[in-house]
Amino acid sequence: MLRISKEPLTEYELETLDLVHRVVNTPGFARLAERVEKLREQYFQNLARGLAVRTEPLNQREIDYKRGFWQGALYATQRLPKSLAKDWDAVVAEANKEAGEDTV
C-alpha cells in the first residue's frame with residue numbers, strides 16, 4: 001500500500017495492511033519469492049541459450065511481455081513487501097504515539 005495521501009488510513013486500509021503483513025511474514029511467502037527468482041533466472045538463461053542457436057527472428061512482443069511479467073512478479077515478491085513494511089512500521093508508530101498520548 002503505497003501512501004500518496006497524508007490522510008489517515010481507513011479501517012479497510014488498516015485491515016488490508018494487516019492481512020498482507022501477515023502473509024508476507026510467512027515461510028510460504030519466502031519460498032514463493034525464492035521460486036519466482038529461480039524461475040525468472042531459468043527463463044532468461046533459456047532465452048540466452050536460444051539466441052545462440054536461433055536462425056529465425058525473435059518475437060519481440062513475446063520477449064517484452066515476459067520481461068514485464070517477471071518485473072511484476074519480482075515487484076510483488078521483493079519490493080512490495082519492503083514498502084508494506086514501512087507502512088506497517090508507520091502504523092505501529094502512530095498507534096504507539098496515540099496510546100502514549102491517551103495515558104498522559
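The values are calculated or read from the model by the stated rules, or taken from the named source; none is laboratory data. On a predicted model such as this, the values are computed, not experimentally measured, just so you know. Neighbour counts run over all protein chains shown; Cβ positions are idealised from the backbone, glycine included.
A few comments on the model shown:
- Residue in region 54-89 that is surrounded by the fewest Cβ atoms within 10 Å (Cβ to Cβ), counting only those that are in contact (Cβ under 8 Å) with a residue 24 or more places away in the chain and farther than 15 Å from VAL20 by Cα: LEU74
- Selection status of GLU11, acidic (Asp, Glu) and surrounded by 11 or more Cβ atoms within 10 Å (Cβ to Cβ): no
- The residues of region 52-104 that are in a loop (DSSP other than H, G, I, E, B) and among the β-branched types (Val, Ile, Thr), listed by number, are THR55, VAL104.
- Subset of region 15-50 [surrounded by fewer than 10 Cβ atoms within 10 Å (Cβ to Cβ) and more than 19 Å from TYR75 (Cβ to Cβ)]: PRO27, ALA48
- Consider region 17-51 and keep the residues that are among the basic types (Lys, Arg) and under 30 Å from ARG61 (Cβ atoms). The one that is modelled with the lowest pLDDT is ARG49.
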